[in-house]
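Below is one structure, written out as C-alpha cells; comments come after it.
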Amino acid sequence: MSRVDTQARQKAEAILRGNLSPRYWKLDRLERYAEGTQYEGRPSFWNDDVPLQERGPCIVHPVVGSAIASNCDIVLGDGRYPTSTTHPGEDDSAFDDRFGLSEEDSAILDRVLCEVQEQTRAQSVFTELLETAQHSKTAVAICRVVDGKLDIETTLAKWCTPTFNPKRPSEVTKLEIRYPYIEEYFDEERKQWSCRCLLYRRVIDATSDTVFLPAMASEHGEEPDSWTVDAEKSSAHNLGFCPVRWYKFMPRKSTVAELDGNAIHEKLTDEIDALNFSLSQTHRACLYCADPQMVETGVDEDHNPAPMGRTATLWVPGDPLENKQWRGPSRDVGGMPARKKGPGVVYRYPNENSKVDYLTLPGDAMKPGEDNARRLESTIKEALAYVAIDLDKMKLGSDVSGRALEWLHRKQIDRCTRIRADFGDNCLKPILGMLLRIALTVGEGLYIAGLDKVRPIIKRFLQDVQNMGARWFDPPIKLKWGPWFPLTAADAKVNSETVRADYQAGIISRQTAVEKLAPFYGIADATAYVESLEAESEDREEAVRALQSAAGKGATAPEPEEEDDAREALSQVKPVAKKAPAKKAREATPVAPLRRRTKAEAA
C-alpha cells in the first residue's frame, strides 16, 4: 500500500493551521463539541503514560447533538413545519393600495409559495440551517437558480466573511468563502505520493458568483501573488442584489465586530468535558471490577506459573491515524509480553505456602462517580432546556395525550417558542422573499408552476423609494405553525365532551364550538364550516315546512312544481321509527285451592 510522505504531510498541516483565523477555530471547536469529535488526536484513554486530563475520554456523551436534534424536531418536524400564507380569505387591496393583496392575488401567491418550497426542498434545507446555527452560532444560505429551478445552497459560517450594507445591517452585499485544504498528489520527480496545502476561494456579490482556481497557501497565511478565475464554475447572475442570507442564531448583542450569534452550548464546554471524563472513569472502574487484579504472595520472583502471551496493540487498522503515534516502538508488533490469562490457563505453584488473592472494589465504590455524572448531565440538560423522556418510566401501554406530552416538555417548548419566532422572522421568511425576488428578476430559463400569473403580483413589491432608488419589500408572508404535539384520541374525547356540554348549556356559540373541534376533524376554515352547517339546517327546516304544508288537512292542492319540491324534500327527511305498542299484561286466572278427594268422588 502506497504511503504519503510523512514530512510533506506534516508541513502541509502546519501551513493549513497558519491559514486559519481565530474565528474559524472558535466556531470549529463549538461544532466539534456538538458532533462529539472534540477529542480527536488526543492519546488513548487507556494509555497510562500520559496524564489523565490530556487523554481523550473513551465515552463521549452526545448531549449537545441530541438537544440540537430535538429542538429541530420540535420546531420544524413532521406536522410542525409552518404553512406560509398571505391570507387569501382577506382583501387588503382597499386598506393598502401599494402592497395590499386581493383574495384572488393572495390565493395565487400562496400556491406559488408552495411550489417554491417544494422545488427547493425547503423543509430539509431549513432544518439543516437551524441545526447548523445552533452549534456554529450562524447559518449561511445562498439562493440561486440551477438547471432552471430555484435552489438553496448552504455553507459553513467558519469559512465565510460577509460584507453588510451600512444602511441595512442585515443585508449582505458581498460574501467571500475561503478556506485551506490538503491535497494529496503523486510527485513525478520523487516518484511517491506527497501533500500540499491549497486555498479555495469563492466570491458572491450583486452581479456574479465567481470561483477561483486553487492557489498555493503560504506558511504564515499571506495573500497569494494572484488569483485566476475558474471560468467553468463562475457565472454572472445579474440579480442586482447579493442572494445570501446571513442568519445569526439568537444574538444577545449586536455590534459591528460581532459577525455571529450564540451557540446553545458555548458556555457549557467545561461541564461537557467533566461529564465525559466522569463517565469514562466510571466505565474503566466497571471493567476493573469485572476483571479484578490478581495478587500473588509467597512466590519466587523468577517463577512464572503460566505460559506467556502478549497484550493487545493500542492501534489497529481502522482507528484514527492520530492515535497511531501512541502505540510506542515496543508495541509495533503484537503488543507487550504478558502472562496469559483465561479459563483454559492453569496456574501452578511448587511452593505450598504460595497464595493467590484478587483485589476487587467494594459494591458501592462506583456510586460517587455515577452520582457525579448524573448531576453533571442534569445540569447540562437544564442549561440547554433539553427534555429527554425516560421510556422506562413512561407507561407506554396507556394512551398519552398530546397535552400531557406538551406539559412534560414545557421547559423545552418555552425555549423553542423563542427559537421559532427568531428563526421564522430572521431566516425562513427572508429567504422565501429572496426566492420570490429571484423569480421576478430572472427571465427565461426558470420554471415554476404559475410563474407568469404571480409575476405581476410580486412586481408591486419592488418600489421606488425617494433618494434610494428601487427597493425590494418582502411580501406580507405569515407563518402558521403546527401544534407542538399531535392531538391523540384521549385529547379528542375530553375536548369533545367539554365542548358539547358547554354548547348545549348555551355558554359558547356554534362558531366557538367548531373552532375548538376543528383540529380533531381537519376543519381548515371554521367560519365557512359554520355557514355550511347553518345552510344545511335551513334547508332541512324548509323541507319539513313544505312536507307539513303538503300533508296538512284542508290545504289547497299544490302546484305541480311545488308538489315535486315537496316530494324531493320528503325524500331527504329521514323517517322516524315508530315505537311498537306495549303488550298488555295477561289477566291472572284464579286457581282453586287444592283439596283431597273423598272415596266416593274417587269411585
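The values are calculated or read from the model by the stated rules, or taken from the named source; none is laboratory data. Predicted, not measured: the structure shown is a model, and the values here were computed from it. Every residue, glycine among them, receives a Cβ derived from its backbone with ideal geometry; neighbour counts consider all protein chains shown. The area values use the complete protein model at the heavy-atom level, side chains included, leaving out ligands, DNA and RNA. Shrake-Rupley method; radii C 1.70, N 1.55, O 1.52, S 1.80 Å.
Ordered from largest to smallest accessible area (heavy atoms of protein chains, 1.4 Å probe), the residues 458, 264 come out as 264, 458. Normalised size of region 177-284, defined as Cα radius of gyration per 2.2 N^0.38 Å with N residues, equals 1.65.
Using only alpha-carbon positions in region 236-292, the gyration tensor eigenvalues give semi-axes of 48, 16, 6 Å once each is multiplied by 5 and square-rooted (largest first). Note on region 494-534: Cα Rg divided by 2.2 N^0.38 Å, N the number of residues, gives 1.09. Among 269-275, 532-538, the peptide with the highest mean count of other Cβ atoms within 10 Å heads the list, and the full ranking is 269-275, 532-538.
Heavy-atom surface analysis with a 1.4 Å probe gives region 216-312 a carbon and sulfur content of 49 percent of its accessible area. The per residue volume of the convex hull around the alpha-carbon atoms of region 467-539 is 183 Å³. On region 429-477, 49 percent of the accessible area sits on carbon and sulfur atoms, based on a 1.4 Å probe. Annotation: per residue accessible area for region 160-233 equals 61 Å², rounded to a whole number [probe 1.4 Å, protein chains only]. Residue 531 contributes about 110 Å² of solvent-accessible surface, heavy atoms of the protein only, 1.4 Å probe. Sorting 496-508, 240-252 by their mean Cβ neighbour count within 10 Å, with the most densely packed peptide first, gives 240-252, 496-508.
Pairs from the table (429/459; 381/480; 11/137; 459/480) lying more than 23 angstrom apart at Cα are 381/480; 11/137; 459/480.
Farthest toward the positive end of the dipole of region 263-304, out of 279, 304, 263, is the Cα of 263, where the dipole comes from beta carbon charges about the Cα centre. Residue by residue, region 298-309 carries 3J(HN,Hα) couplings of x, 10, 4, 5, 8, 7, 10, x, 9, x, 8, x Hz when phi is fed to the Karplus relation 6.51 cos²θ - 1.76 cosθ + 1.60 (θ = phi - 60°); x denotes Gly or Pro. Binning the alpha carbon pair distances of region 171-229 at 5 angstrom intervals from zero yields the distribution 4, 15, 22, 19, 17, 12, 5, 3, 2, 1, 0, expressed in whole percent. Distances between placed amide hydrogens fall under 5 Å for residue 309 paired with 338, 339, 340, all partners being 5 or more residues away or on another chain.
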